[in-house]
Amino acid sequence: MDTLRDICRRAGLKATHQRLEILREMLQAKDHPSAEQIHQRVLRRLPTVSLDTVYRTLAAFDQHGVIARVFSSASCVRYDPAPERHDHFVCVKCNRIMDCRVSGAGRLRVPATVRTMGTVERIQVEVRGVCIRCLNRARGRRRWWKQTPE
């Protein structure tokens, strides 16, 4: 919990019990959860936390660079526990979001026309396609560890 408190304090946020529980859940996440998913996970430990509190807390964490906000193809906001620079592969079938690195993406230059629109805070590359799970499902394949020998 001390580490979580330090993260909040370095970001300039009060380390309330609810914020610490939401942050703990985000940092343990192996996926890119939505606010609703985080709410369901935190409810197990903190049954009084509201969905509104989770939304506001995640927005504050995003604003202060503790986590990053990601958009899925369903226009649903998802959150990334790793705010450092990386890219995403988004499956257009199941909306699964996976971390990836696009070679050279960190060296992209913002066109002058974009700079006239305002200041750029972050550049992220989003690769969209169909994930291997969905491709295998479409091909009628089962998981390799459940396949029977032919």
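The values are calculated or read from the model by the stated rules, or taken from the named source; none is laboratory data. Computed from a predicted structure; not experimentally measured. Neighbour counts run over all protein chains shown; Cβ positions are idealised from the backbone, glycine included.
Some notes on this structure:
- The single condition from (1) at pLDDT 95 or above; (2) buried (at least 16 other Cβ atoms within 10 Å of the Cβ) that Ala68 fails is (1).
- Residue check, Val120 part of a helix (DSSP H, G or I) and in contact with a helix residue (DSSP H, G or I) (Cβ under 9 Å, 6 or more places away or on another chain): no
- Residues of segment 32-59 that turn out to be surrounded by 21 or more Cβ atoms within 10 Å (Cβ to Cβ) and hydroxyl-bearing (Ser, Thr, Tyr), as a count: 1
- Helices (runs of 4 or more DSSP H) (entirely within segment 1-102) containing at least 3 residues that are over 30 Å from Ile132 (Cβ atoms), of a type outside the set (Phe, Trp, Tyr) and out of contact with any strand residue (DSSP E or B) (no Cβ under 9 Å at 6 or more places or on another chain): 2-10, 17-28, 51-63
- Checked against (1) farther than 21 Å from Arg10 by Cβ; (2) assigned by TED's automatic domain parsing to the domain that holds Arg24; (3) surrounded by 14 or more Cβ atoms within 10 Å (Cβ to Cβ); (4) not aliphatic (A, V, I, L, M), Asp62 passes all but a single condition, namely (1).
- Within segment 115-128, the set of residues being modelled with pLDDT of 85 or more and exposed (fewer than 12 other Cβ atoms within 10 Å of the Cβ) comprises Thr116, Met117, Gly118, Thr119, Arg128.
- Checked against the criterion of being touching a Lys or Arg at 6+ places or on another chain (Cβ under 6 Å) and modelled with pLDDT of 95 or more, segment 53-61 has at least one qualifying residue.
Results for (1) closer than 15 Å to His32 by Cβ; (2) in contact with a His (Cβ under 8 Å, 6 or more places away or on another chain); (3) touching a residue at least 24 places away in the same chain (Cβ under 8 Å), shown as yes or no for each residue.
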| position | (1), (2), (3) |
| --- | --- |
| Leu58 | yes, no, yes |
| Gly65 | no, no, yes |
| Arg101 | no, yes, no |
| Thr113 | no, no, no |
| Val130 | no, no, yes |
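- Whenever a residue of segment 1-29 is under 12 Å from Thr57 (Cβ atoms), its partners that are of a type in the set (D, E, K, R) and in a helix (DSSP H, G or I), lying with C-beta atoms within less than 8 angstrom and at least six residues away or across chains, give the pairs Cys8/Arg19; Leu13/Arg19; Ala15/Arg5; Ala15/Arg9; Leu20/Arg5; Glu25/Arg41.
- For the condition in the same structural domain as Ile7 (by TED's automatic domain parsing) and farther than 22 Å from Ile7 by Cβ, Phe71 qualifies.
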